[in-house]
2 protein chains.
Amino acid sequence: MEFSPLLRELIQALRCLPGVGGKSATRMAFHLLERDREGGLKLAGQLKAAMEGIQHCQDCRTFTEEEKCGICANPRRLEAGQLCVVETPGDVMAIEQTGLFAGRYFVLMGHLSPLDGIGPAELDLDKLDVLLGREPWGELILATNPTVEGDATAHYVAQMARRHHIKVSRIAHGVPVGGELEFVDGTTLSHSFSGRQPLV
Amino acid sequence: MEFSPLLRELIQALRCLPGVGGKSATRMAFHLLERDREGGLKLAGQLKAAMEGIQHCQDCRTFTEEEKCGICANPRRLEAGQLCVVETPGDVMAIEQTGLFAGRYFVLMGHLSPLDGIGPAELDLDKLDVLLGREPWGELILATNPTVEGDATAHYVAQMARRHHIKVSRIAHGVPVGGELEFVDGTTLSHSFSGRQPLV
């Protein structure tokens with residue numbers, strides 16, 4: 001015997017979620033059916049609304065259902081004259097939570113990865129080019145991940161910015177606060193030494 | 001800045017899934033939006049269909065969108081004259097996968113737990129009583145979990161079956177196959193001893 005068709009298809013559909021295999025999907029389906037049908041229906045509605053309604057911000061490419069996201073629509077974010085380039089909308093959220101950055105963002109939605117067929121066109125870098133020429137930016141901050149692809153992407157974007165004569169900086173890499181030197185990998189530690197700051 | 005309202009509500013709705021907190025929900029939402037909008041839409045449809053369509057089987061109470069589930073609708077499952085009482089539809093699936101049982105099931109959808117307000121009425125034990133009286137059962141197999149609540153439930157159901165003069169048995173508890181005696185807890189080991197079988 002197998003589960004009834006509707007239940008089987010629900011379990012199959014739940015497996016599209018990242019990190020959810022057969023066992024978790026079965027557990028989720030039973031949980032919703034036994035204890036939270038209302039939550040399941042609400043999730044169905046929100047999923048449909050989000051998948052159909054959420055697009056990319058015209059200016060920074062982050063996720064939003066409006067033409068422009070909350071940050072791009074706020075004229076005060078332009079006054080800082082700083083543009084921060086990140087890989088994902090989650091990175092925007094992480095930086096916003098520090099409360100230290102008041103400028104605008106450009107979200108690449110990935111990184112350059114020629115082997116996967118992701119080039120400048122896929123990251124809409126022409127849009128970034130337009131944005132770089134349109135506003136009087138004082139600084140471009142590269143906050144892509146410190147991976148091979150992230151570094152390559154940062155390098156590419158830096159060259160674009162230099163053509164527009166914009167000052168470019170890269171976020172610092174080094175020993176994380178609270179970390180122990182002993183357990184930090186060599187590359188991070190060498191970044192930490194080469195990027196050392198004078199004590200004032 | 002926060003996520004846009006639609007995205008925020010999607011993340012909140014995803015948290016109704018068991019084992020999914022804020023971080024996982026955010027990751028799931030981004031994954032669907034970035035890489036699998038089709039899967040997200042399909043999940044929305046399946047969720048709605050399942051939450052609205054799946055009910056309990058008239059006879060055995062397992063999940064099904066039909067009046068009777070595949071097992072109860074199959075007349076050959078009645079011929080064995082065996083009824084197995086389990087706690088959840090997942091238990092039915094586990095027993096079916098062994099391929100050793102050809103009888104019918106009754107799914108309690110839980111266990112007796114007076115402190116949580118779950119008594120005989122919540123488990124539809126009157127339905128089980130009707131079922132016990134209606135068919136010529138040769139044996140009732142109690143396969144509730146070997147927990148305090150599962151044992152108490154088994155005891156209660158056994159008394160019901162005895163009123164109908166039906167032979168009652170409980171699945172064996174002991175050392176799991178492939179397990180090591182040294183690491184098995186005392187209660188299981190004592191079950192294993194008291195339930196020992198003569199070697200033929």
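Please report, ordered by residue number, the helices (runs of 4 or more DSSP H) entirely within region A:1-100 with at least 1 residues that are closer than 30 Å to A:PRO136 by Cα and over 16 Å from the mean Cα position of the chain (by Cα).
Numbers: elements: A:5-14, A:22-35, A:37-53, A:76-79, A:89-98.
It comes to A:76-79.
Here is a check on your reading of the model: is B:ARG170 in contact with a strand residue (DSSP E or B) (Cβ under 7 Å, 6 or more places away or on another chain) and on the phi < 0 side of the Ramachandran plot? First the steps, then the outcome.
Details: in contact with a strand residue (DSSP E or B) (Cβ under 7 Å, 6 or more places away or on another chain): yes; on the phi < 0 side of the Ramachandran plot: yes.
Judged against the criteria, B:ARG170 is a match.
Considering only region B:7-44, how many residues are surrounded by fewer than 19 Cβ atoms within 10 Å (Cβ to Cβ), free of Cβ contacts under 8 Å to residues at least 12 places away in the same chain and closer than 11 Å to A:GLN46 by Cα?
3
What are the residues in region A:139-195 that are touching a helix residue (DSSP H, G or I) at 6+ places or on another chain (Cβ under 8 Å) and hydroxyl-bearing (Ser, Thr, Tyr), if any?
Hits for region A:139-195 are A:THR144, A:TYR156.
Could you check region B:65-90 and list, in sequence order, the residues that are within 11 Å of chain A (Cβ to nearest Cβ), of a type outside the set (Gly, Ala, Ser), open to solvent by 20 Å² or more (accessible area, probe 1.4 Å) and out of contact with any helix residue (DSSP H, G or I) (no Cβ under 8 Å at 6 or more places or on another chain)?
Of everything in region B:65-90, those that are within 11 Å of chain A (Cβ to nearest Cβ), of a type outside the set (Gly, Ala, Ser), open to solvent by 20 Å² or more (accessible area, probe 1.4 Å) and out of contact with any helix residue (DSSP H, G or I) (no Cβ under 8 Å at 6 or more places or on another chain) turn out to be B:GLU66, B:LYS68, B:ASN74, B:ARG77.
Would you check if there is a residue in region A:162-171 being open to solvent by 40 Å² or more (accessible area, probe 1.4 Å) and of a type in the set (S, T, N, Q)?
There is no residue in region A:162-171 that is open to solvent by 40 Å² or more (accessible area, probe 1.4 Å) and of a type in the set (S, T, N, Q).
Among the listed residues B:GLY174, B:GLY186, B:GLY178, identify the single one that is more than 30 Å from A:LEU32 (Cβ to Cβ), crowded, with 17+ Cβ neighbours inside 10 Å and free of Cβ contacts under 8 Å to residues at least 24 places away in the same chain. Outline the logic, then answer.
Numbers: B:GLY186 fails: crowded, with 17+ Cβ neighbours inside 10 Å; B:GLY178 fails: crowded, with 17+ Cβ neighbours inside 10 Å.
Within the list B:GLY174, B:GLY186, B:GLY178, the selection yields B:GLY174.
Going by what's in this entry, would A:MET160 be described as farther than 30 Å from B:LEU7 by Cα and at pLDDT 90 or above?
Values: farther than 30 Å from B:LEU7 by Cα: yes; at pLDDT 90 or above: yes.
So A:MET160 fits the description; yes.
In region A:110-117, is there at least one residue being within 14 Å of chain B (Cβ to nearest Cβ) and of a type in the set (A, V, I, L, M)?
No, every residue in region A:110-117 fails to be within 14 Å of chain B (Cβ to nearest Cβ) and of a type in the set (A, V, I, L, M).
From the list B:GLY110, B:GLY138, pick out the single residue that is in contact (Cβ under 8 Å) with a residue 12 or more places away in the chain, more than 19 Å from the chain's Cα centre (by Cα) and open to solvent by less than 60 Å² (accessible area, probe 1.4 Å).
Working: B:GLY110 fails: more than 19 Å from the chain's Cα centre (by Cα).
Result of the check over B:GLY110, B:GLY138: B:GLY138.
Look at B:GLN97 and say whether it is within 11 Å of chain A (Cβ to nearest Cβ), open to solvent by 30 Å² or more (accessible area, probe 1.4 Å) and within 25 Å of B:ARG170 (Cα to Cα). Spell out the reasoning first.
On the way: within 11 Å of chain A (Cβ to nearest Cβ): yes; open to solvent by 30 Å² or more (accessible area, probe 1.4 Å): yes; within 25 Å of B:ARG170 (Cα to Cα): yes.
Against the criterion (within 11 Å of chain A (Cβ to nearest Cβ), open to solvent by 30 Å² or more (accessible area, probe 1.4 Å) and within 25 Å of B:ARG170 (Cα to Cα)), B:GLN97 qualifies.
Determine which member of the set A:ASP59, A:ASP126 is among the charged types (D, E, K, R) and either touching a helix residue (DSSP H, G or I) at 6+ places or on another chain (Cβ under 8 Å) or within 11 Å of chain B (Cβ to nearest Cβ) (or both). Step through it out loud before you land on a result.
Numbers: A:ASP126 fails: either touching a helix residue (DSSP H, G or I) at 6+ places or on another chain (Cβ under 8 Å) or within 11 Å of chain B (Cβ to nearest Cβ) (or both).
So the residue among A:ASP59, A:ASP126 that is among the charged types (D, E, K, R) and either touching a helix residue (DSSP H, G or I) at 6+ places or on another chain (Cβ under 8 Å) or within 11 Å of chain B (Cβ to nearest Cβ) (or both) is A:ASP59.
The values are calculated or read from the model by the stated rules, or taken from the named source; none is laboratory data. Note that the structure is predicted; figures quoted are calculated from it, not measured. Every residue, glycine as well, gets a Cβ built from its backbone with ideal geometry; the counts of neighbours run over all protein chains shown. The protein model used for the area step is the full one, side chains on, heavy atoms only, and it has no ligands, DNA or RNA in it. Shrake-Rupley method; radii C 1.70, N 1.55, O 1.52, S 1.80 Å.
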